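What follows is a short report on a single structure.
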Amino acid sequence: MDVIIRYALYTSFFVSIGIVIFLAVQPYFMQMQNSFDRIMKKNEYQMLLQQTRYFLERSIGQNSLFAAYVYLLSLAMIFFISFSAFIIGGNHPLISIVYSLFIVLSIFSIFYALAYRNQVLVTHEGIHLLEELINNYKIYHLNIIETIERTSENLSEIQAPLSKKMMRNLSFRVKHARNDDMVREALEQLVNTIGVSWAYSLSSVFEKAIIEGIDVTEALKDIKIQLEDLEQLKESLKDEVYEAKTMIVVMYPLMFLITIGVVYLFEIPFKDYLTYQFGEGVQYLIIILLLMVASIGYYLFITKPKNDY
């Protein structure tokens, strides 16, 4: 019975962590699905490398094929080394696989957290980006390629550092594009870098302006207006969620302190309390504390969501 309970707790722990990771990486896989139609001509291996390059660019600013190979091979090596170490340590093969997958997913989660953070920051730079694009589009007489280049130069390193880098990369790729497909590939990378719905609108606007030569002034203004409306909506919702956030932040430490107080009030030795609650030792307490940390981490992860409509 003790073994069943122990494995049930382990299973619950890993399932909980898996749910948190799934919720975190779900947008990434949604982007892969949305991008699939645009890269149907490529095989699955090429698609994996392409998406890995986009992922690494969002997370650590590396978009080379070499970086993609190193990242994927490193994850594979870490899995096999961990699996071998657990097997040598006398663990069951299934448990060794689970532990090794958990280590790999933890590393992936760190990269995803960096990518998500950068995407959040770049989406909140959207209004500054659109303002600069609209101004330069007028100044340079509807020349969208010149507009993109000048926007990358004029954007503030303080107000929009990630947008500045993103537009610099887009300008380079568009200016060196030899055909329309290369332009579309550069715009696809723009969409993957931002990772929100208004990025698709912006990409479509750029495509019409670059390939078809259409005046897109009003389209750029519409995107800017939508982002401004979104900012106003979020400001109005801050008061509504403030109470819930306060409860989450306050209740965790408060409940812990109440538990400690009750233990001392009834003069229960803390070691006995741990034994009664978690069995012999504190391994189950560690699991619960890890889940609490994961919950707080996920809460902090979503307190500043992407600026999207």
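A few remarks follow.
- Helices (runs of 4 or more DSSP H) completely within the stretch 111-183 that count 1 or more residues being free of Cβ contacts under 8 Å to residues at least 24 places away in the same chain and farther than 26 Å from S59 by Cα: 126-139, 144-154
- Unique match (being out of contact with any Pro (no Cβ under 7 Å at 6 or more places or on another chain) and either at pLDDT below 90 or over 26 Å from L230 (Cβ atoms) (or both)) among I158, I144: I158
- Single residue of E153, E132 found to be open to solvent by 20 Å² or more (accessible area, probe 1.4 Å), in contact with a Leu (Cβ under 9 Å, 6 or more places away or on another chain) and of a type in the set (D, E, K, R): E132
- For the stretch 207-222, the candidate set comprises residues that are among the small types (G, A, S) and surrounded by fewer than 19 Cβ atoms within 10 Å (Cβ to Cβ); within that set, the residue that is nearest to S197 (Cα to Cα) is A219.
- Filter result (among the small types (G, A, S) and either open to solvent by 10 Å² or more (accessible area, probe 1.4 Å) or not in a helix (DSSP H, G or I) (or both)) within the stretch 184-206: G195, S197, S201, S203, S204
- Within the stretch 101-123, if we keep just the residues that are over 14 Å from the mean Cα position of the chain (by Cα) and at pLDDT below 85, the residue that is surrounded by the fewest Cβ atoms within 10 Å (Cβ to Cβ) turns out to be F102.
The values are calculated or read from the model by the stated rules, or taken from the named source; none is laboratory data. A quick note: this is a predicted structure, and the numbers were derived from the prediction, not measured. Note: ideal-geometry Cβ built from the backbone for every residue, glycine included; neighbour counts use all protein chains shown. Surface areas here come from the heavy atoms of the whole protein model, side chains and all, with no ligands, DNA or RNA. Shrake-Rupley method; radii C 1.70, N 1.55, O 1.52, S 1.80 Å.
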